[in-house]
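The values are calculated or read from the model by the stated rules, or taken from the named source; none is laboratory data. This is a predicted model, so every value here is computed, not measured. Don't worry about glycine lacking a Cβ; one is built from the backbone with ideal geometry, like all the others, and counts go over all protein chains shown. Side chains are part of the model used for accessible areas, which takes the heavy atoms of the whole protein and leaves out ligands, DNA and RNA. Shrake-Rupley method; radii C 1.70, N 1.55, O 1.52, S 1.80 Å.
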Amino acid sequence: MDNESPESTESSHSGNNFFRVVPMLTSAFVHFMLIVLLVVLTVDLDEKPKMMVIDAVNDSEESLEMDSFEEFEFAEDLSEMENELNEMMAEALTIEAQETPVVEVEAVEMMDNSLQVVESFESIMSSDSLMEEIGGGDNSSRFGSSGGGGAGAGSGMYGPGLVGRFFDMKQDRSRRPLSYTGRFPDYIATMNRLVAAGMSDQATQRFFEASTRLQLSQLMIPNADANDAPKAFNVEGEVEPRGWFVHYTGVVSPPEGGEWRFVGFFDDMLMVYINNKPVLDGSWEPMVNVGNGPYDNSLRQEFGGPKVITTRSAYAGKWIKLKGPVKIDILIGETPGGRMGGVLMCQKKDAEYEKREDGTPILPLFAVSHAETRRVREDAFAKQYGFVNTPPLWKIADSKRR
């Protein structure tokens, strides 16, 4: 056998040393990284956990620091909001599954027991008044939003609402002029005749009516030009901004059973009826049943609080005990022209409300949907006047037909 040369022996030793050094370096690097990771974990464990909470209603977010994640609990109002959303989703699915929904209207008990039981949806709404397809294009205004082509009362593009119809007292359906003085006594007499006739199609057919019908979710119209109403109903240029009225109607259930009253004011007219009985007269001057016997002062009680428009504050109506779904009619209007506007709020008896310096409670707007809640909250007038940020909802009954 041949002996190895010195050169080959030296090369072999160098190779063996390289393979011994590499594992040692790798092991040292791994140990170093483990030490660094341990230090990082130790530092992080000293910090308290944080959770980012997003408030979708107020469009804000907040970082909360806790000793442990187990200490975090959902606020009660957020849980209630989640439950309410679940109920709304369930209700929507139920409505879609129904072929011919039936709205049952239970007994409504007034303090003087003057209201009667309404047995069915058919008994309080005419077949051709509120069930027609909503007209107009994609429109949203302070008077309500128009439907997106869907049929049925209370199904506007921006959510459920009370159906609103716009009428002009100065012309008939053929656009021929009608006698109109613009005087309050004449306006009041005409409105009371319409109300006495149940605001039926037969009673209103002599007046021009806008083809667009809007869905009202909340009523808050700050001091504005009277022409905003014809504009909202797409009849600007066809109707002079005076001598008009809007009739909103539907079937609603209160947020909870008990005694309620409506509070509000509108320049020039605001009249509210429950099951065809007056519960609030928040007009510029008394209107409900004026000229038909003694005036019911319980419909128009001084409420106080900030001014709604110019020098006028809101009025409070009579307390009513509500047990279930009821028909509601809201009438607003303008007679001489110029400026108009107003609000409609609701108040539950014995409920606790934050109070202003003058002692008047800060109330929520009457609302059947939160479609306009964000807009209302950001409105300059709303910030100045002060309302409950998120109003309780009066659930609107479905009136959808095949």
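Things to note:
- Residues whose amide H falls under 5 Å from that of Q171, counting only those 5 or more places apart or on a different chain, are L178, F208, with hydrogens built in the peptide plane.
- D_trans [Stokes-Einstein, Kirkwood Rh over alpha-carbon pairs] for region 280-402, 37 °C, 0.692 mPa s, µm² s⁻¹: 198
- Going by accessible surface with a 1.4 Å probe and the largest first, H370, H247 read H370, H247.
- Equivalent ellipsoid, region 324-375 (semi-axes from 5 times Cα gyration tensor eigenvalues, Å): 24, 18, 13
- Put a dot 7 Å past the Cα of A203, heading toward its Cβ, do the same for D358, and the two dots end up 3.4 nm apart.
- Stretch gain in nm, segment R173-N292, where the contour uses 0.36 nm per residue and the Cα spacing is subtracted: 40.0 nm
- A DSSP coil position with no more than 13 other Cβ atoms inside 10 Å describes the following GluC sites (Glu not before Pro) in region 203-307: E238, E256.
- Full extension of the chain between E256 and V30 gives 74.7 nm of extra length, using 0.36 nm per residue less the Cα-Cα distance.
- Theoretical gain in end-to-end length, S313 to A224 [0.36 nm per residue, Cα-Cα removed]: 30.4 nm
- Kirkwood Rh, Cα atoms: Rg over Rh of region 241-283: 1.01
- Net charge of Cβ neighbours under 10 Å - reference N276; Lys, Arg +1; Asp, Glu -1: +1
- The loop-placed chymotrypsin sites (Phe, Trp or Tyr not before Pro) in region 340-402, going by DSSP, that have at most 13 neighbouring Cβ atoms within 10 Å of their Cβ come out as Y353.
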